[in-house]
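Reviewing the structure listed below.
Coordinate-derived values only; no laboratory data. Nothing here was measured: the structure is a model prediction, and the numbers come from that model. As a convention, Cβ positions derive from the backbone with ideal geometry for all residues, glycine included, and neighbour counts pool all protein chains shown.
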Amino acid sequence: MHVITVCMGSSCFSRGNAHNAECIKRYIVETGQEVALSGCLCRNECKNGPNIIVDEKVISHVSPEILPDLLDQVLENR
Ligand code: FES
């Protein structure tokens, strides 16, 4: 199963991860993907945030606009 971790550190949270987390939840429901979603504390990558981690790979500068395509790519094309 894929694992998506959303950084909930204060920098990523205030730069958009609160909204990104909602978008990821919606994506999971709409696509029926088998994904474990969780949160984490700051990963010391704040300057590149907001960050999410998909299967241990840090993905930076995440926004709701790019999330659907990004998740299609990382979850399905492997
Ligand atoms: S708050 Fe997310 S990397 Fe620091």
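Residue 18 meets each of the listed conditions (1) surrounded by fewer than 13 Cβ atoms within 10 Å (Cβ to Cβ); (2) free of Cβ contacts under 8 Å to residues at least 12 places away in the same chain apart from (1). Can we say residue 29 is out of contact with any Cys (no Cβ under 6 Å at 6 or more places or on another chain), under 20 Å from residue 1 (Cβ atoms), within 9 Å of the ligand (Cβ to nearest atom) and not aromatic (Phe, Trp, Tyr)? So residue 29 does not fit the description; no. Number of residues in the stretch 29-63 that are out of contact with any His (no Cβ under 6 Å at 6 or more places or on another chain) and assigned to a loop (DSSP other than H, G, I, E, B) equals 16. Taking the criterion of being loosely packed, with under 14 Cβ neighbours inside 10 Å and either in contact with a helix residue (DSSP H, G or I) (Cβ under 6 Å, 6 or more places away or on another chain) or not small (Gly, Ala, Ser) (or both), the residues of the stretch 32-47 that qualify are 34, 41, 44, 47.
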